[in-house]
Structures are given as C-alpha cells and as structure tokens.
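Laboratory data are not the source of any read-out in this text; all were calculated from the coordinates shown. Because the structure is predicted, anything quoted here is derived from the model rather than measured. Here Cβ is always computed from backbone atoms with ideal geometry, including for glycine, and neighbour counts include all displayed protein chains.
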Amino acid sequence: MAEVENSIFIIGGLPRTGKTLLNQRLTYEVGVEGLDTDTVRRMFNANPVSPISFIANSNLKLCAHAMRPYLEALIDEVAGSSHGFVLSGEMIQPSMVSQSIHYEKIRACFLGLNDPKAAYERIRGRDDPLDWAAQLDPQYLEVLLGIYAKRSEKLMRKCGELGLRYFDSSQDVLVAQNAAHQYLIQEGNDELPA
C-alpha cells in the first residue's frame, strides 16, 4: 500500500453521515488537498445560469449520472499523480470507485444511515441552530430519514457486492467517522477481495 500522504481517500454516502467532517479531518491530519463534491453541487444550485444548474437542482441520481465522467476523470487524474487527495460527497457511487480501485493509492469507504429512528433522535436531540436538519419540520425529517435509510440499504448492499467498506452513522456520527478514519488510515483497501 502506498504511503498515507500519497493516498487518494474517497468518501461517499448519504447526507448527515459525517463525509464532509471526515474529509476535513483527513486533509488536516494527512496534509493533502480535498474536494467536497456536495459543495460543488451547491454552487451549481446557487447559479441559475450554470449549464448544470438544472441537473444539480433535480434528483441526486440524475446529478450523479451527469457528473460521473468528471468525477471519474478527477479520480483517475489524481490517482495518477504523486500527490494525495481527499474526495467526498453524495454523488460518489460505489461502482465509480470500484472501477478505479485497481490504483494502489485509492482508499475508499461509504457512510450511511440504516436506522432512521436513531438518526432522528440524534438530530433532534441536538439543539444546534446551524444544523439544517435539526431545523426541519419533525414530520418532514422523519420522512426524509426514512428515504435515506432505504438509500443506505441499497448503498450498503452495493458496497458489499463490490468489496467496499460501509459504516453506519445512524446512532453516532463520531463513532462511525472514527471507524471510517481508522480504516482509511490504517487498513485502506488491503482487505478487498481480488
């Protein structure tokens, strides 16, 4: 396995699972640059004249499909360089990573929310005025977390099929984030089947 400083860390998954915080943590600790594709998508959302704004404002699957060639090119470009990098976001799909996993430098994992009730309690239990999810109507939040749980089941299943690691953030984002961090830093993809 390549040195950690030259690794490409790829973190995908659902909202509210700790992807962005893990990205920031890795960029700081390892000393590499990072990109959060969720931030890029929000920039497209904010720019109504952007050619991708229609796609970015529509469903995530369509947005991920439209951005896939760019993300794959970015992964290949960075993996072919001598520098480390962190890439995170909802648009990163397991199949996208598995196609590039032959690069020794890539270390990838995905984060999800399998238990919507635990996630609801965790989010509503924090009285954080800056937390967008905590500010949602409670009934809407329940529905949204139910959707996230269904998407997480599919994500977890796909990760299993492709030999990628999946971590559940439902009950405690920091516990899942620490487990993902330990996996990415210490183990990487050494455990993947051939």
Q. Once label points are set 7 Å from the Cα along Cα→Cβ at both Leu136 and Thr20, what is their separation, rounded to one decimal in nm?
A. 1.4
(Q) Give me the extension gain from Val143 to Asp128: residue separation times 0.36 nm, minus the current Cα-Cα distance, reported in nm with one decimal. (A) 3.4 nm
(Q) So for each of 87-94, 105-112 I average, over its residues, the number of other beta carbons within 10 Å; can you give me the resulting order with the highest mean first? (A) 105-112, 87-94
Q) What residues qualify as long-range amide H neighbours of Tyr166, i.e. H under 5 Å apart, gap of 5 or more or another chain, H built at 1.01 Å from N? A) Phe110
Q) If the label point is 7 Å along Cα→Cβ of Arg157, which residues in region 109-142 have backbone nitrogen under 19 Å from it? A) 110-116
Q: Give the peptides 157-163, 138-144 in descending order of average Cβ contacts within 10 Å, highest first.
A: 157-163, 138-144
Q) Using 1/(1 + (r/R0)^6) with R0 = 35 angstrom and r between the beta carbons of Arg68 and Gln182, what's the FRET efficiency to the nearest 0.05? A) 0.75
Q) If we count every other residue with Cβ under 15 angstrom of Asp137's Cβ, Lys/Arg +1 and Asp/Glu -1, where does the sum land? A) -1
